Amino acid sequence: MDHLSIQLIAGQVLIGIINGSFYALLALGLAIIFGMLNIVNFMQGALYMLGAFMAYIVGEHLGIGYWGALIVCPILVGLFGIVLERVFFRAIYDIDPVYGLLLTFGLAIIIEGIFRIIFGSAGIPYSIPDSLRGGINLGFVFLPYYRGWVVLVSLVVCLGTWLAIEKTPIGARLRAATENPGAVRTFGINVPLMVTCTYGFGVALAGLAGVMAAPIYSVSPQMGTSILIVTFAVVVIGGLGSIVGAIVAGYGLGIIEGLTKVFFPEASSTVVFVAMAIILLLRPKGLFGRMA
Amino acid sequence: MEQLLENTADGTAAAVDLEVSDLNAWYGESHVLHGMNLTVRKGELVTLMGRNGAGKSTTLNCINGLMRKRKGRIQFRGTDILRMAPERIARMGIATCPEDRAIFSSLTVGENLHLPPLLNERGMSVEEIFDLFPNLRDRLGTASGAKLSGGEQQMLAIARILRTGADFLLLDEPTEGLAPIIIDQIAATLKILGERGYTVLLVEQNFRFAQSVADRHYMVDEGRIVDQFSNDLSDQMKQKIEKYLSL
Ligand SMILES: Nc1ncnc2c1ncn2[C@@H]1O[C@H](COP(=O)(O)OP(=O)(O)O)[C@@H](O)[C@H]1O
Ligand SMILES: [Mg+2]
């Protein structure tokens, strides 16, 4: 293969890893929420958008820059999610999970509608922090610092979350409550509180992804919609509720998407769904789903 | 704390740990407990016996708070616990070993054992637990609770609530489907718990086992207590109990 096409491939793989960083963060949140609440959180995209807008708003009105926003905005989105969980979800836990899907779908439309009314549909630019401007030539590919930073944060957060769930006592409680919440409550563990916190953490991940996305894609009310659809494909491929599955499929699909842009550009936006269809046919529970 | 005193068979007064009166419970529209009344005194081992579907497990789930739709009165050591959330009831010292054992497959055996938080300092140490259930010692590193045999799962389910310091135990058919040698081991454990002052409400269908460990028996049928016996049973009473347990 000649030099040019190696650069082309490396470039697209890099873009794929960056997109995959966002897919993984969003899918991880979805997986955690599904595992614990049995709700497919259709709001994940809207809360990603909310995170990006929060970064813009706290910057404009409070003078809080990117670094502050990176901490503050996920917390705000998480708290917003906690309020929604307390107010709306409590009523629907006992009934069909389909209601959770409809409820979060409805809330997502409302949230996006409000932002469209206030800010219009045009994208609002959000600038890269000065310390992460520029980039480095790795020889085979040029890596903008900011994108490297995004990949790093995503990897650290995904790995940290996985470790916390799989290897710590709190994680053990979470896994146990996912299997049999009633039994865990009879040990004196406050499962309803854990559920609320889990939801808050799951949506805070979307908020974090939103803040990190703001400088790359511009901030707009509909930014969450298209990424959410891909994220659902990621979650289905990884296995509904599987933490590892969400992370691996997130990065994997990002890379596959990137490679498809090199070899068969026309299919790059559909390859994710083709992959989903194939996986569903071969392994209906997804790559890492527990087989019944 | 205000505690009821009641005269025991030998004439001494013992504190009442649990008093259930006129307990009713529903699954949706289906009314399954129809005015349960029972009393468990401190340090006693009392059984609930009766055929499948009589309402024994439902009664335990009313006491531990898992049953949603319930009415009546449940007093535990002088406190009304009927409206309390399960996690609050648990922190008062009531521990449950459920019929399905609730061993978690996504947790290692060690994680299963250490899952319930300690309520006080009075729980058994892990060493004491291994003395009771030596088999568990070698299985501690097992990657999934689901890899244990039925008997090992049952031992683990009992062991993990002994660590916490809870001293009122709800045990739901701990011998179900287990080999005689394991049943003996559980009986020995219950005797030790009795010596240590634990109070136990045991659901059983295995009459021989129940007779070997219990102080008193309640017979449950169609959501009510229909009879009760102390454990010094005449042959006539035994026949009566066999009849309650038969289909
Ligand atoms: N989850 C449930 N939903 C509806 N009915 C139930 C449920 N669990 C038990 N029942 C019914 O309640 C009655 C009492 O059941 P249970 O307390 O489990 O009996 P036991 O433990 O004595 O075998 C039975 O008629 C049973 O069919
Ligand atoms: Mg039962």
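Please treat every number below as a calculation from the coordinates, not as lab data. Treat the numbers as computed from the prediction; the structure is a model and nothing was measured. Backbone-built Cβ (ideal geometry, glycine too); neighbour counts: all protein chains shown.
Per residue of B:99-106, how many C-beta atoms from partner chains lie within 10 Å of its own C-beta, taken as a mean? Let's see the in-between values first.
Details: counts 0, 2, 1, 8, 4, 10, 5, 11.
Shielding by partners across B:99-106 averages 5.
If I build a Gaussian network model for chain A, linking alpha-carbon pairs within less than 10 angstrom, which residue out of A:Gly59, A:Gly20, A:Gly258 has the largest mean-square fluctuation?
Among A:Gly59, A:Gly20, A:Gly258, the largest GNM mean-square fluctuation belongs to A:Gly59.
Averaged across A:173-185, how many Cβ atoms of other chains sit within 10 Å of each residue's Cβ atom?
Working: counts 6, 1, 6, 11, 2, 2, 7, 6, 2, 9, 14, 7, 10.
Neighbouring Cβ atoms belonging to other protein chains average 6 per residue here.
How far, in nm, would the chain grow between A:Phe119 and A:Ser131 when pulled straight, counting 0.36 nm per residue and subtracting the alpha carbon separation?
Values: separation 12, 0.36 × 12 = 4.32 nm, distance 2.84 nm.
Stretched fully, the A:Phe119-A:Ser131 segment lengthens by 1.5 nm.
Whole angstrom only: what separates the Cα centroid of the range A:180-222 from the Cα centroid of the range B:158-203?
Cα centres, the range A:180-222 to the range B:158-203: 39 Å.
Which residues among the range B:178-212 fall inside the zone where the amide N is under 18 Å from a point 7 Å beyond the Cα of B:Asp131, along Cα→Cβ?
The answer is B:185-198, whose backbone nitrogens lie closer than 18 Å to the label point.
Relative to the first principal axis of the alpha-carbon coordinates of chain A, what is the inclination of helix A:44-62, with its axis defined by its Cα atoms, in degrees from 0 to 90 and to the nearest 10?
For helix A:44-62, the angle is close to 70 degrees.
Please give the FRET efficiency for A:Val274 paired with B:Ala179, using the beta carbon to beta carbon distance and R0 = 41 Å, rounded to the nearest 0.05.
On the way: r = 53 Å, r/R0 = 1.28.
According to the calculation, E is roughly 0.20.
Quick check on chain B: helices-only [θ] at 222 nm, where DSSP H runs of length 4 and up contribute -39,500 (n - 2.57) each and the sum goes over total residues. Nearest 500, please.
On the way: 9 runs with 80 residues, N = 247.
Helix-only estimate at 222 nm: -9000 deg cm²/dmol.
If you project the alpha carbons of the range A:98-249 onto their three principal axes, what span does each projection cover, largest first, in Å?
Computed over the Cα atoms, the extents are 55, 42, 28 Å.
Explain nothing, just the number: dipole magnitude of chain A about its Cα centre with +1 on each Lys and Arg Cβ and -1 on each Asp and Glu Cβ, in debye rounded to the nearest 20.
Values: 13 positive and 11 negative charges, 102 e Å.
With only Lys, Arg, Asp and Glu charged at Cβ, the dipole is about 480 debye.
Tell me, what is the percent relative contact order of the range A:3-282, built from C-alpha pairs under 8 Å that lie six or more residues apart?
On the way: 421 pairs, mean separation 117.1, N = 280.
The normalised contact order for the range A:3-282 reaches 42 percent.
Quick check on the protein assembly as shown: take the gyration tensor over C-alpha atoms, sort the square-rooted eigenvalues as a ≥ b ≥ c, and tell me if it's rounded (a/c under 1.5), prolate or oblate. Each step should come with its number before you reach the end.
Working: a/c = 2.78, a/b = 2.32, b/c = 1.20.
Here the protein assembly as shown falls in the prolate category.
Can you give the helix-only mean residue ellipticity at 222 nm for chain A, where every DSSP H stretch with n ≥ 4 adds -39500 (n - 2.57) and the sum goes over all residues, rounded to the nearest 500 deg cm²/dmol? Intermediate results must be reported in sequence, preceding the final value.
Values: 11 runs with 211 residues, N = 292.
The per-residue figure over chain A is -24500 deg cm²/dmol.
Got a sec? Charge dipole of the range A:3-282, +1 on Cβ for Lys and Arg, -1 for Asp and Glu; which of A:Ile255, A:Leu163, A:Cys73 is way out at the positive end?
Sorting the options by dipole projection puts first A:Leu163.
Beyond 12 Å, what share of the Cα-Cα pairs of the range B:147-192 is found? Please give it as a whole percent.
Numbers: 658 of 1035 pairs.
That tail contains 64 percent of the Cα-Cα pairs.
Using alpha carbons only, how many degrees (0 to 90, rounded to 10) separate the axis of helix B:180-195 from the longest principal axis of chain B?
Orientation of helix B:180-195: about 70 degrees from the principal axis.
Once you have all Cα-Cα distances for chain A, histogram them in 5 Å bins from zero and send the whole-percent values.
Histogramming chain A at 5 Å steps yields 1, 6, 11, 16, 18, 17, 14, 9, 5, 2, 1, 0, 0 percent.
Give the separation of the Cα centroids, the range A:52-66 to the range B:64-134, in Å.
47 Å
Mind pulling the angle between the C-alpha long axis of helix A:223-238 and the longest principal axis of chain A? Nearest 10 degrees, somewhere in 0 to 90.
Taking the Cα atoms of chain A, the angle to A:223-238 is about 70 degrees.
Using per-residue counts of other Cβ atoms within 10 Å, averaged over each peptide, order B:156-169, A:199-212, A:240-253 from highest down.
Details: B:156-169: 22.4, A:199-212: 27.9, A:240-253: 24.4.
Packing proxy ranking, top to bottom: A:199-212, A:240-253, B:156-169.
Could you point to the residue in A:Ser127, B:Val16, B:Phe76 farthest towards the positive end of the protein assembly as shown's charge dipole, with +1 and -1 charges on the Cβ of Lys/Arg and Asp/Glu respectively?
Among A:Ser127, B:Val16, B:Phe76, the one farthest towards the positive end of the dipole of the protein assembly as shown is A:Ser127.
Report the relative contact order of chain B, percent, no decimals, based on alpha-carbon pairs under 8 angstrom and at least 6 residues apart. Before the final figure, lay out the partial values.
Values: 471 pairs, mean separation 64.4, N = 247.
Result for chain B is 26 percent.
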